[in-house]
Amino acid sequence: MTQPIVRSARTFVRPPLRAARMRAMRRFVVLVCAATAALCMLVAAAARADDALPAAALALLAQAGVPREAFAGVALPLRDDARPWRWRADMPMQPASSLKVLTSIVALDRLGPNQRGFTELRSAAPVVDGALRGDLVLRGGADPELGVAQFWAMLAELRAQGVREIDGDLVVDRTLFRPARMDLGVPPFDESSEFPYNVIPDALQLAGSMLRIDIDSAGGQVRAYTVPSLPGVSVSSAMTLTERGCAAWDDDWQPARVEQQGDALAIELRGGFPRGGASGCKVGAELQLIDRQELAARLFRALWGELGGRFAGRVLEAAGPSASRVLVRRESRPWGEVLRHMNKRSDNVEARLLFLSLGVPAMAAEPQTSTRDLAARAVRDWLAAHGIDAPGLVLDNGSGLSRSERVAPLTLARALAAAWRGPHASDLEMSLPVIGEETALALKASPAAGWARMKSGTLRNVVALAGYVVDPEGRPWALAMMINHDNAQRVRPALFAVVDALARGTLQPRGALRVGPQGDGP
């Protein structure tokens, strides 16, 4: 007996035939999915596979007893006609000062190159017969260039407005950042707490929070004095003469002795200082020897007095911003220009100021969160907005002068790639040191010299490089590399070997992309 025909509006299909076709279709779908999954796994494995380190880099690592696992790096082509080169690219590493590149990139995009720091003299009091009948507020706005000369010019402008006497107190307002004094209770990075790189900045940062002391060994005797001269501050020397060159003046430095009795502050310099031949050596040392609030008070009293002003009040810390009018305001150069000094000279204080500035816009909405935490969130948000993964990212102060900060080379390189395609690419690139001219002088004979722009990083157990390199075909690359090891300082040339290989076109990624006709093609 024949099977009944099942009628459809569009066609006639016998039931056994339809079931067979459905079973075949299911088997086909399963096979396709399995093949696709296998292909995806192969692609993913290929993407994760490490390429070869240049032979020169491998030899240098082996010679210094540094395992290749201490090296991590990646080179990303900024055009689509090449494949990336990578070596443990996803591994979070200590970046040292190469992290300044990430801080620069995010700040240029979020704050803009025209962002400026500022300093203000403010008051709510009237001026009557040349006297300010109340407090004078000195407000810090993350000005990275507020030196003694700039502060003197502000006070001179106040005098030019007819103010010769201040009846109230000087109130120092550092509350742009939270907490206002991040330096209090924090141990120094190392044993050289008086040197500039150890300064933890605040929103005022007057004179860099450092006392300028000139040290001179002319005549075979070490003399020292403050610049400018500060009433009540005396400097003496117990330093011995050494035969080192003048450039190595701090090699025999020992912590200074600082004693205070009432308003008198006595500083004794200790250690060794270069003899310097017949003419001696002269150094202007910027030293963090006294609390920054006392430094601000002594500088204000000295400069205001030299300008003919009178002041008999106290110098106080502001509890918060006050309602007052601006009497004098100065602005720093835009950060797009300051970046050149920050990155080329690797200025940690400027990098920390810029990093903290990233957190300021969110402070009003989150009054319980520190500015540093808000800045770290701003960096993470920027990375997320650009689709950049950040495995193991740890942000402390944005300068890299930290034992806790971590970033993967791939994260840093992808940020460099995003910046390259952004509107502020030229601002960033111009801030980076030029290989073979301003940094990595060992590469003077390399094709990278004069073309590659890279920020270095150095700590006791870290060397790093991050920036841009051009290959022989004129193609730009974003390159980020780090070595973390106790012998890292001995293998810095291994980083240079990778830069040189990329600039010569000999850094070969696995399965390099072949462009153009192949075999018997046209």
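The values are calculated or read from the model by the stated rules, or taken from the named source; none is laboratory data. What you see is a predicted model, and the numbers here were worked out from it, not measured in a lab. Note: ideal-geometry Cβ built from the backbone for every residue, glycine included; neighbour counts use all protein chains shown. In case anyone asks, the SASA skips ligands and DNA or RNA and just uses the protein heavy atoms, side chains included. Shrake-Rupley method; radii C 1.70, N 1.55, O 1.52, S 1.80 Å.
Below, the figures for the structure above:
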{"quantity": "From the options LEU354, LEU395, LEU358, LEU383, residue that is open to solvent by 10 Å² or more (accessible area, probe 1.4 Å) and closer than 14 Å to VAL101 by Cα", "calculated": "LEU395"}
{"quantity": "Single unsatisfied condition, VAL515 versus (1) at pLDDT 95 or above; (2) farther than 13 Å from GLY73 by Cβ; (3) of a type in the set (A, V, I, L, M, F, W, C)", "calculated": "(1)"}
{"quantity": "Which listed residue is surrounded by 19 or more Cβ atoms within 10 Å (Cβ to Cβ), over 23 Å from VAL227 (Cβ atoms) and among the hydrophobic types (A, V, I, L, M, F, W, C), from LEU138, LEU132", "calculated": "LEU132"}
{"quantity": "ASP389, sole failed condition from (1) farther than 30 Å from PRO188 by Cβ; (2) of a type outside the set (Lys, Arg); (3) open to solvent by 40 Å² or more (accessible area, probe 1.4 Å); (4) not in a loop (DSSP other than H, G, I, E, B)", "calculated": "(4)"}
{"quantity": "Test: residue in the stretch 204-217 that is among the polar types (S, T, N, Q), out of contact with any strand residue (DSSP E or B) (no Cβ under 8 Å at 6 or more places or on another chain) and surrounded by fewer than 16 Cβ atoms within 10 Å (Cβ to Cβ)", "calculated": "no"}
{"quantity": "One residue from THR175, THR119, THR103 being within 30 Å of ASP396 (Cβ to Cβ) and part of a helix (DSSP H, G or I)", "calculated": "THR103"}
{"quantity": "Answer from PRO92, PRO77 - the residue that is out of contact with any Ser or Thr (no Cβ under 8 Å at 6 or more places or on another chain), touching a residue at least 12 places away in the same chain (Cβ under 8 Å) and closer than 22 Å to ASN397 by Cβ", "calculated": "PRO92"}
{"quantity": "SER332 within 30 Å of ARG164 (Cβ to Cβ) and open to solvent by less than 10 Å² (accessible area, probe 1.4 Å)", "calculated": "yes"}
{"quantity": "Matching residues, the stretch 198-213, being under 17 Å from LEU121 (Cβ atoms) and in contact with a Pro (Cβ under 9 Å, 6 or more places away or on another chain)", "calculated": "GLN205"}
{"quantity": "So VAL470, is it buried (at least 19 other Cβ atoms within 10 Å of the Cβ), modelled with pLDDT of 95 or more and closer than 26 Å to MET93 by Cβ", "calculated": "no"}
{"quantity": "Boolean, ARG88 is at positive phi, surrounded by fewer than 23 Cβ atoms within 10 Å (Cβ to Cβ) and not hydrophobic (A, V, I, L, M, F, W, C)", "calculated": "yes"}
{"quantity": "Test: SER193 is closer than 30 Å to PHE355 by Cβ and surrounded by fewer than 15 Cβ atoms within 10 Å (Cβ to Cβ)", "calculated": "yes"}
{"quantity": "Residue that is buried (at least 21 other Cβ atoms within 10 Å of the Cβ) and within 29 Å of ASN348 (Cα to Cα), where the choices are PRO274, PRO228", "calculated": "PRO274"}
{"quantity": "From ALA466, ALA442, residue being closer than 14 Å to LEU102 by Cβ and outside any loop (DSSP other than H, G, I, E, B)", "calculated": "ALA466"}
{"quantity": "Flag if GLU405 is open to solvent by 30 Å² or more (accessible area, probe 1.4 Å) and modelled with pLDDT of 95 or more", "calculated": "no"}
{"quantity": "Filter result for ASP263 (among the charged types (D, E, K, R) and at pLDDT below 95)", "calculated": "yes"}
{"quantity": "Residues (part of a helix (DSSP H, G or I) and open to solvent by 50 Å² or more (accessible area, probe 1.4 Å)) located in the stretch 61-85", "calculated": "ALA62, GLN63, ARG68, GLU69"}
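Residue-by-condition table, conditions (1) open to solvent by 20 Å² or more (accessible area, probe 1.4 Å); (2) within 23 Å of the chain's Cα centre (by Cα); (3) within 24 Å of VAL469 (Cβ to Cβ):
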| residue | (1), (2), (3) |
| --- | --- |
| PRO92 | yes, yes, yes |
| GLN115 | yes, yes, no |
| ALA125 | no, no, no |
| ASP143 | no, yes, no |
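Here's the yes/no breakdown for (1) out of contact with any Lys or Arg (no Cβ under 8 Å at 6 or more places or on another chain); (2) within 22 Å of ASP347 (Cα to Cα):
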| residue | (1), (2) |
| --- | --- |
| ALA384 | yes, no |
| PRO391 | yes, no |
| LEU395 | no, yes |
| GLU405 | yes, yes |
| ARG421 | yes, no |
| HIS424 | yes, yes |
| SER431 | no, yes |
